[in-house]
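One structure is given here, and the rest of the page talks about it.
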Amino acid sequence: MKRLRLPRSPKVLVGVGIELFFLVLTVIGPWIAPYNPSYNGFAQNLAPSAKHWLGTTALGEDIFSQLLNGARATILVAVVAGLVATLIAMIVGISAGYLGGKADDGLSMLSNVFLAIPGLPLLIVLDSYLPQADRSNSLILGLVIALTGWAWGARVLRAQTMSLRNRDFVEASRIIGESRWRIMTVEIAPNLLPILASSLLFTILYSIGAYVTLAYIGLTSTSVWNWGTMMFWAQANNAPLVNQWYWFVPPGVCIALVGAGLALINFGIDEFINPRLREAGLTSKVLRRAGLSRRVRLGVTPVLRETSSPRRIHRSLQAGVQR
Amino acid sequence: MSESPILEARSLTRYFAVRAGGGGRRHKRLVRAVEDVSLSLRPSRVTAVVGESGSGKSVLARMLARIVTPTSGELMLGGEAVALGTKRPLEYARQVQLVLQDPFASMNPVHLVRHNLERALLIHGTRRDELPTRLEGAMSRVALTPPDGFLDRFPHELSGGQLQRVSIARALCVEPKVLLADEPVSMLDVSVRLGVLNLVRSLAVDERMATLYITHDIASARYIADETMVMYAGQVVERSNGVTLIDEPAHPYTQLLIASVPDPMDPTSVSARVAADEGARQGVADVGCRFAPRCPSVMEICRSQEPPAFAVAADHESKCWRHRDGNVAMAVSVAAHEGSPRA
Amino acid sequence: MNVLEVRDFSIEYGLEEAAVHAVRHVDLDVVRSSVLGIAGESGSGKSTLVYGFTRLLRWPGVVAGGSAVLRVLEDDGTERDVDLLAATERELREIRWSQISIVLQSALSALNPVRRIAKEFDEVLRVHRSGLDRHARRARAVELLDMVGLDEDRLDRFPHELSGGQRQRIMIALALALDPQLVIMDEPTTALDVVTQREIVDQLFELRQRLGFAMIFITHDLSLLVELADEIVVMYAGEIVERASALELYSAPRHPYTLGLINSFPPMHGERRELVGLPGSPADLALLPTGCSFHPRCAWAMEVCKTASPKAQPVGDTGRLVACWLHDGIREVPVELRRSVPQRQPL
């Protein structure tokens, strides 16, 4: 693979940081929770205190423990859904884009159908077909959500593949005699990595939304704790009306943070694809030293002021470099 | 003296149906990209095809490589007719290879150079343990040694000239008999072109490769060609053995081409203004001689009937009515023109 | 009488340690109404140089040193100096297009595809010649098209309806719209076929005779310059390696790179024989050799070439310059590099 020069801008680092934090939470959440989230023996509707950092619910459960436990299911489902959806999008999109003709017609029609059908109703319908037991299975739910979320990515990948298909190196592979399938998987797919990564992030984002929505309207099993279910219970007990912000705001904030983190990482991918967006190692410190303002306008090339210390001209000592 | 050809094309033609016309009315228009082109590629000989963009030379190359299917015509490989219209068999790819114009675009940017060459070898039956020797062999044939220094790099880390040699090495990996080179040096720096041109020539001379060299630069064609053809608007308008047609052009288009080439050795070329409508869009006629709208010595018959190829000399023919009666004299005198050419 | 004087001009991409020295200490003069050709390959800095002193270089390009002065000749005969590097954006806008215009390398795609040609002219004239009304602007546009050999009906077309050559003529017409004193052309014919190239070059020649502007013509095709330019400058790895009149340069080059470059063009006449151009590839600006940047490819490289970079020195008495240790006056100059300049044949 190409040696990746990962972007190091603050945006991306913040995004990565957020996601890492939540990933860790996914793993250790249930262990570090102070109480059993389903235990309802506490006093009800307590405000946040030292004993209950986020207070208690109307049924006497500890909210903070629910939050920590909820991370696992929410994020797990979202990631599974994202991965499966992206995989389907890859297969459908790249095949449609490269093969063209009838295969393209068929696959495009399939994607268009899935795009046109409203996601949420489809989800609800699919979900209602699931046996009760499976509604608590993160993987099954992830698959169901994936089925509604792959179409957009497939269209994007198809468009990209169609433009790549006409590139010289693909033609060169054909000339050598490479088989169609190897061209699609080995030659074309790696060139789609940035788009795939971006698609994956957005699909995960979508999946969180979908899962939380399902939970919020009560369609998932309430025996598995997730942030959506928390908000479901909060809403059912009129928490907003009695200003019990500590019940429904924290899960909402967590969802928003995860989404924001993904979006920030996506900026980084954009920078990676488009080198012009990269700062080329020019931090503001360096710019100030050279006497240049941060924003450089097109059409007015900056002229460096004379500095008192002569800059060392850095030359490689490769005398006689023969190319 | 010439051997039998390895790859022979007879009356290759390729039309493209294009939906043209705006303003609500869309009708199908036929673009005659290549029309009735015949050629023979023989071992140890470089055949040069000279033409501008739109002349059909690239489509011709792709038809010879069988990645574009001709609308009509025949191909003979090794004396046997090739079944066109079916999927191109691997065996054909083994015998006929094509090198493209842009070296950086011809290599997959996310893979090492090594990968690009290995695929060529593996597809055509090389065993994994044979790979290193075969790779080294291919690289040394294009003078890229030591091979690992180039193989273990990404394409963008090499220079244009080196990468084009790698492209040629990739084509050579499969041990073809025919090498088709579509403008192999056009995108390279000037100081690097000669090296690659010399390589192409040496492949023909030393390795008996039947070579097709496509270019818009007639001077480079003169440098390496054993046989030259000039294409205009999909047709071969002039062909000759060696480079006779460059030194003594017969067809008006060839004469125009040669007069247009900047030649510092001959400063009179500055004042050689040939009256011609630039007309790249409007200038190709559908009826009669394709070049008629731009031809400085056009006659009545040219507008209505397409000329056949007339023999101008031994091994030299030109598709122009001016040569009908065996008239070998220069068909057009280059007229000094007052003012600038109208377009 | 120079219309442009550039001294010790340097351009860098990026800053400090990471900086790539794209143009290094270039001196350049453009004589009024003459044609200066700048020849070089990739990495030579020929385009960068010009975008640099017109302040059109994109970020992270910066002007790292030197001066560039445009000598504007006013209508009353007086001269006004414009310091291009110290100019503010307003001052630059004032002289851009009216005194200096530039036909970019990507000129063929510089025309807005959804606008008719007439609109492009109209805009240029409206911004810079506010005194003209709509009809006067149209009349001027027709006049300009006529100058480049195009009919009026081209004005009402869209760019995609015109051929490459016609679009290029329009770019030239636009560049001449305000009668500038200096016109810069960056590889104007590279994307065109050779017949169209011939027509464009002839057109430029004729226009210059007629209107008297100075022209800088940048190209990699040295043979084109020999016909068109009065003086030619050859650049390599950001530096000027030779400067001479067109005839001198082509018939009697002094720098090994110039010789190698000339030998890289297969001739159209004469006996066919194997040519040897230059070994290697043009220098990588990020990995410049020490001393003379050309020495790894030079057939006559000496010890001094590896350590010290030669400065451009006058050679002979015709004002030509060469940056090469072979011509330092002490050493023996190889016979290939001391040909005498032939008498130009009268036409």
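Bear in mind these aren't lab numbers, they're just calculated from the coordinates by the rules spelled out. Bear in mind that the values here come from a model prediction, so they are computed numbers and not experimental data. Cβ placement follows ideal geometry from the backbone for every residue including glycine, while neighbour counts extend to all protein chains displayed.
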How many angstrom lie between the C-alpha centres of the range B:65-113 and the range A:163-186? 12
Using a simple spin-label model with points 7 Å from Cα along the Cα→Cβ vector, what separation in nm is obtained for residue A:91 and residue C:209? 7.2
How big is the C-alpha Rg of the range B:7-247 next to the rule-of-thumb value 2.2 N^0.38 Å, as a ratio? 1.05
Which residue, chosen from C:28, C:97, C:85, occupies the Cα position most advanced towards the positive end of the dipole of chain C, where the dipole is computed from +1 (Lys, Arg) and -1 (Asp, Glu) charges on Cβ about the Cα centre? C:97
Give, as ranges by residue number, the residues of the range C:254-297 whose backbone N falls under 17 Å from the point 7 Å along Cα→Cβ of residue C:190. C:282-285
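With +1 on each Lys and Arg Cβ and -1 on each Asp and Glu Cβ, how big is the dipole of the range C:231-310 about its Cα centre, in debye rounded to the nearest 20? It would help to have the intermediate numbers written out before the result.
Numbers: 6 positive and 8 negative charges, 26 e Å.
Charge dipole of the range C:231-310: 120 debye, to the nearest 20.
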Computed for the range C:2-234: size of charge dipole around the Cα centre, +1 on C-beta of each Lys and Arg, -1 on C-beta of each Asp and Glu, debye to nearest 20, value 760
What is the set of long-range amide H partners of residue C:25 at a cut-off below 5 Å, with H atoms built 1.01 Å from backbone N? C:9, C:10, C:11
For the residue pair residue C:245 and residue A:36, what label-to-label distance in nm results when each label sits 7 Å from Cα along the Cα-to-beta-carbon direction? 10.3
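Length gain on complete extension for the stretch residue A:298 to residue A:125, per 0.36 nm per residue less the alpha carbon to alpha carbon distance?
On the way: separation 173, 0.36 × 173 = 62.28 nm, distance 5.43 nm.
Working it through step by step, the gained length comes to 56.9 nm.
Using a cut-off of 13 Å between beta-carbons, work out the net charge of the residues near residue C:56 (Lys and Arg +1, Asp and Glu -1, residue C:56 not included). Numbers along the way, then the final one.
Details: positive: A:297, C:55, C:58, C:93, C:96; negative: C:89, C:186.
Surrounding charge for residue C:56 is +3.
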Karplus ³J(HN,Hα) for the range A:24-29 (6.51 cos²θ - 1.76 cosθ + 1.60, θ = phi - 60°; Hz, whole; x = Gly/Pro) runs 4, 4, 4, 6, 9, x
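In what sequence do C:59, A:31, A:150 fall when counting other Cβ within 10 Å, fewest first?
Numbers: C:59 18, A:31 8, A:150 28.
The most exposed by this proxy come first: A:31, C:59, A:150.
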Applying the Karplus parametrisation 6.51 cos²θ - 1.76 cosθ + 1.60 with θ = phi - 60° to the phi angles of the range A:102-114, what ³J(HN,Hα) value in whole Hz is obtained for each residue in order, glycine and proline being reported as x? 5, 4, 4, 4, x, 5, 5, 4, 4, 5, 5, 4, 5
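Among the complete DSSP H segments of chain B, which ones combine at least 20 Å of alpha-carbon extent along their axis with a mean Kyte-Doolittle hydropathy of 0.0 or more? Before the final figure, lay out the partial values.
On the way: long enough: B:190-207 (25 Å, 0.92).
Span-like helices here: B:190-207.
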In terms of modelled amide H atoms, which long-range or inter-chain residues lie less than 5 Å from the amide H of residue B:288? B:306
Counting only residues 5 or more places away or on other chains, whose amide H sits under 5 Å from the amide H of residue B:313 once H atoms are built in the peptide plane? none
When chain C is modelled as a GNM with alpha-carbon springs shorter than 10 Å, which of C:244, C:141, C:286 fluctuates the most? C:286
Cβ-defined net charge surrounding residue C:219, 9 Å radius [Lys, Arg +1; Asp, Glu -1]: -2
In whole Hz, what ³J(HN,Hα) sequence does the range A:204-217 give by Karplus (6.51, -1.76, 1.60; θ = phi - 60°), x for Gly and Pro? 4, 4, 4, 5, 4, x, 5, 5, 4, 4, 4, 5, 5, 8
Once you charge only the Cβ atoms, +1 for Lys and Arg and -1 for Asp and Glu, what is the size of the charge dipole of chain B about its Cα centre, to the nearest 20 debye? 1320
Efficiency of FRET between residue C:67 and residue C:152 - r from beta-carbon atoms, R0 35 angstrom, step 0.05: 0.20
State the answer as a single residue: which of A:191, B:4, C:263 lies farthest towards the positive end of the charge dipole of the protein assembly as shown, with beta carbon charges of +1 for Lys and Arg and -1 for Asp and Glu, about the Cα centre. A:191
The protein assembly as shown - convex hull of alpha carbons, volume per residue in Å³: 236
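Which trypsin sites (Lys or Arg not before Pro) in the range B:62-160 sit in a loop by DSSP (not H, G, I, E or B) and have at most 12 other Cβ atoms within 10 Å of their own Cβ? Present the calculation step by step, with values, prior to reporting the outcome.
Details: sites: B:62, B:66, B:87, B:94, B:114, B:119, B:127, B:128, B:134, B:141, B:153; in loops: B:66, B:87, B:127, B:153.
Passing both the DSSP loop test and the Cβ count: B:87, B:127.
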Centre separation in Å (Cα based) which lies between the range C:1-80 and the range A:25-51: 70
Among B:144, B:30, B:68, the residue whose Cα sits farthest towards the positive end of the charge dipole of the range B:7-247 (+1 at Cβ of Lys and Arg, -1 at Cβ of Asp and Glu, taken about the Cα centre) is B:30
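222 nm [θ] for chain C, helices only, -39500 (n - 2.57) per DSSP H run of 4+, per residue, to 500? Numbers along the way, then the final one.
Working: 10 runs with 97 residues, N = 347.
Dividing the helical sum by the residues of chain C leaves -8000 deg cm²/dmol.
What's the local net charge at residue A:159, with K and R +1, D and E -1, over the other residues with C-beta under 12 Å away?
Local charge sum for residue A:159: +2.
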Multiply the residue separation of residue A:243 and residue A:182 by 0.36 nm, subtract the distance between their alpha-carbon atoms, and state the gained length in nm to one decimal. 16.0 nm
Report the Cα centroid-to-centroid distance between the range B:140-197 and the range A:218-266 in angstrom, as an integer. 60
